[in-house]
Structure formats: structure tokens, C-alpha cells
Amino acid sequence: MLTLILTPTLTPTLTLTPIQTLTLTRKGLLPSPEELRPAVDAYIFAFEEDLMDAAASIAAGLRGMGSGVAEGLKVDMALEPKKPKKGFKDADRIGARYVIMLAGDEWEQGLVRIKDMLTGEQEDLTVEQIKAKFTPVEAEA
């Protein structure tokens with residue numbers, strides 16, 4: 001029996017029996033978990049309320065609004081300040097490749113922290129360096 005369930009967010013959920021799952025997997029008709037996750041290039045969050053405007057500005061710049069840099073990037077942003085643990089949990093839930101964090105001390109130095117969720121590597125960069133990191137190679141030519 002194949003059941004289609006609509007969750008409160010109106011996301012369709014398909015429930016399969018183990019035999020249906022096995023059959024579809026063997027035929028290559030079942031998408032992988034990676035294909036089912038939302039594709040988000042970057043998730044941005046601020047530790048403090050007074051950094052929310054700066055976070056929104058970075059998100060807009062990365063989305064290509066205004067600056068024209070990195071057009072087409074999928075960027076999500078927390079709408080309220082987050083502690084690191086909650087920010088990383090949210091980023092993981094939406095499948096973000098990178099997390100960009102704004103913290104008071106780094107921001108005063110003109111830096112934001114970026115973490116690659118695949119490798120775990122973190123670095124402090126300026127906003128311009130982050131935009132350059134996401135700029136496609138063909139756009140630089």
C-alpha cells in the first residue's frame with residue numbers, strides 16, 4: 001500500500017512498505033537522501049540582536065541583490081539571534097553547505113566566521129573575501 005501524507009508544512013511525505021522500498025531502490029527509482037534534502041549554499045546567523053541587520057546585508061549580497069556577486073546562491077538566514085549549537089543544528093537540518101556566523105568580537109574586527117559543514121573547517125574572513133569565495137570562476141574571467 002502506498003500512502004501520501006501531507007505534513008503541516010504541506011510537504012508531501014511518501015510512506016512505503018519495506019518491499020516497495022527495496023524494489024524501488026534496486027530499480028534506481030528511489031532518490032537518495034541527499035537528493036531529498038533542500039539544497040542551501042549558505043546559512044547565516046548572528047549571535048546578537050544588534051548584528052541582525054549586518055547578517056541580512058550579507059545574505060542579500062550573497063543572493064546577488066545589489067552587489068551582483070554570486071548571483072543564484074541559495075542563502076537562508078535565521079530571523080533571530082542564535083546560539084552556535086542551535087545555529088548549526090538548523091543549518092544541518094536544511095542541508096546547508098556553509099554556515100556564516102556573526103559574533104560581536106569578530107565583527108568589530110571586520111570579520112565573520114565561515115564553516116564548511118562537509119569538512120568541518122572554519123576560518124575568519126572579511127565580507128568581501130566571503131563573496132569572492134562564492135563567486136563562480138567563470139565570472140572572474
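Side notes on the structure shown:
- R0 of 22 Å, Cβ-Cβ distance Leu118-Ala56: FRET efficiency to nearest 0.05: 0.30
- Here the simple spin-label model places points 7 Å from the Cα toward Cβ, and for Glu128 and Leu29 these points are separated by 5.5 nm.
A short reminder: the numbers here are calculations on the coordinates, not readings from a lab. Being a predicted model, the structure only gives us computed values, none of them experimental. Please note: Cβ atoms are built from the backbone with ideal geometry, for glycine as well, and neighbour counts cover all protein chains shown.
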